[in-house]
Amino acid sequence: MNRLKKSIFNVEVEKFADGRKLMYNTYYSTFGIMDAKTQEIYEAIESFDNSVVADEETTKTVGIMLREGYITDADVDELAAVKLDRSRFRYQNQTLGITIAPTMDCNMACPYCFEKKNKTIMSEETQDQLVAFVKAHLEFYPTVKQFYVTWYGGEPLMQKEVIYRLSKKLIELCDEKQVEYLAGMITNGALLYKETGIRLAEDCRIQQVSISIDGTKEVHNKRRILINGDDSFDIIMKNIDDCKDILRINVRNNVDKENAADAEKFSDYLIHDKGWTGNPWFYLAFVDDFDETCLTDKSICVHVDQIAEMTDKFKRTVYASNRDVVAAEFFPKRKSLFCGGEGTLSYVVDPEGHIYNCYVQIGVKEHRTGHISKPFAVTTEYAKWLSTDIPEQCEKCAYLPQCMCGCTLYRLNEGDTPQCFSSFYTYKNTLKLAYEDYITQKAQT
């Protein structure tokens, strides 16, 4: 065996009074308990000599740590491996993903919305251009096996006919090319009537819908106001109840300082009054200021310490009602890129056919990265996204495989300065919950 060394991606989650440690490896997503003897071997691993016969227990411990990634051969360059993963994924050629906004018009006027709204509707000519754009990609990349569409806006359901027509054409194209067609939607839910949900599921192959609700009825109705001035909470809740057996629904609770105090009450309402612990599923989403297009004032964003506290309390509340849902997400997975915008075969398309790499920038002229009429054109703006690298300070971070330098848009706007993503502040608490769950499950067997 070669000389060994500690992995640079090990994180100490917690140290107990008896000296045991909870350790997590962010590259392999492995979680384990190191007792005193294991720690002794681990700390001295650089001097471990396999040519000298070790006792059976030590040999076994070293083998386990190697298998789980806590130690590695001394000649392995773990940072280089992360960079290679990043490069491979950036130029992957098996999945094509397009976020489509049939309109930038919206039936709501939310105060924190970052979008540049207008009443433009995707014309049939642009729809046909988009089908040709997809066809060109499927023919140029015959390796593509999946095509994923996300319907977006504005409010996409303000233009249902565009969704129906374009879905039909794209599905026919994928069936012809033997490419799996998958679809989801981001909507405010106010227009998601039962008959609409049925058609979206059956004719448009939409499997999942994400809907934002900003808290309990009183709080939500002050923040997510219909453009005609009407309240939206009861309408959205009824639509979710009507469609939850038709579509998989994720409810996003947008949280900032103005409604943070309501989040716990809202969670209790969804769990205990509505019984939503599987489908629909709900989660906390903390409002952030992405760039100059965002209308959010940084001062209303929840502080990272409060994010950690709120997320921990939220997960424990959900865990108490549906252990399996939370347990399925105990261990954060390694990323190759922070988001698809840094890679090829991932596009955001506005109603006029302009392309963007990030949905946050949709509608902002200076951030367009191309047009669907020119499928493979490389513009200066597009090249910025495909040329991002790992900042030096992130190369030294044990959390790198989990967040991959944070939001790409933020880095592009801040001179490549990384921003730690919110999960950085929360997942140690999640791993502690995972350990508590392990002890509980073990005691029950």
Open item on the list: Quick test for you: out of A183, A201, A263, pick the one residue that is among the small types (G, A, S), more than 30 Å from K168 (Cα to Cα) and crowded, with 17+ Cβ neighbours inside 10 Å.
Closed with: A263
Open item on the list: Take I372 and tell me if it is within 21 Å of E124 (Cα to Cα) and within 22 Å of the chain's Cα centre (by Cα).
Closed with: no
TODO: Tally the residues that are among the β-branched types (V, I, T), within 21 Å of K333 (Cα to Cα) and assigned to a loop (DSSP other than H, G, I, E, B), restricting the search to the stretch 401-445.
DONE: 1
Task: Boolean, D288 is of a type in the set (D, E), at pLDDT below 90 and either assigned by TED's automatic domain parsing to the domain that holds T408 or in contact with a Phe, Trp or Tyr (Cβ under 6 Å, 6 or more places away or on another chain) (or both) - done: yes
TODO: Tell me which residues, restricted to the stretch 158-185, are under 16 Å from Q146 (Cβ atoms) and among the aliphatic types (A, V, I, L, M).
DONE: L170, I171, L173, V179, L182, A183
Open item on the list: Restricting to the stretch 361-408, give me the number of residues that are charged (D, E, K, R) and either touching a Ser or Thr at 6+ places or on another chain (Cβ under 7 Å) or buried (at least 16 other Cβ atoms within 10 Å of the Cβ) (or both).
Closed with: 2
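Here's the yes/no breakdown for (1) farther than 21 Å from G363 by Cα; (2) touching a residue at least 60 places away in the same chain (Cβ under 8 Å):
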site	(1), (2)
Q127	no, no
A136	yes, yes
T150	no, no
G153	no, no
V162	no, yes
G197	yes, no
L226	yes, yes
Open item on the list: Within the stretch 10-106, considering only helices (runs of 4 or more DSSP H) that don't extend past its boundaries, which have at least 2 residues that are outside the structural domain of R334 (by TED's automatic domain parsing) and over 30 Å from T388 (Cα atoms)?
Closed with: 36-43, 56-68
Task: Residues (touching a residue at least 12 places away in the same chain (Cβ under 8 Å) and surrounded by fewer than 22 Cβ atoms within 10 Å (Cβ to Cβ)) located in the stretch 212-222 - done: S212, T216, K217, V219, N221
Task: Search result, residues across the stretch 358-400 that are within 22 Å of W151 (Cα to Cα) and either outside the structural domain of G153 (by TED's automatic domain parsing) or of a type in the set (K, R) (or both) - done: K365, R368, K374
Task: Failed item in (1) in contact with a Pro (Cβ under 8 Å, 6 or more places away or on another chain); (2) surrounded by fewer than 18 Cβ atoms within 10 Å (Cβ to Cβ), with E68 passing the rest - done: (1)
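The values are calculated or read from the model by the stated rules, or taken from the named source; none is laboratory data. Computed from a predicted structure; not experimentally measured. For neighbour counting, all protein chains shown are included, and Cβ atoms are generated from backbone atoms with ideal geometry for every residue, glycine included.
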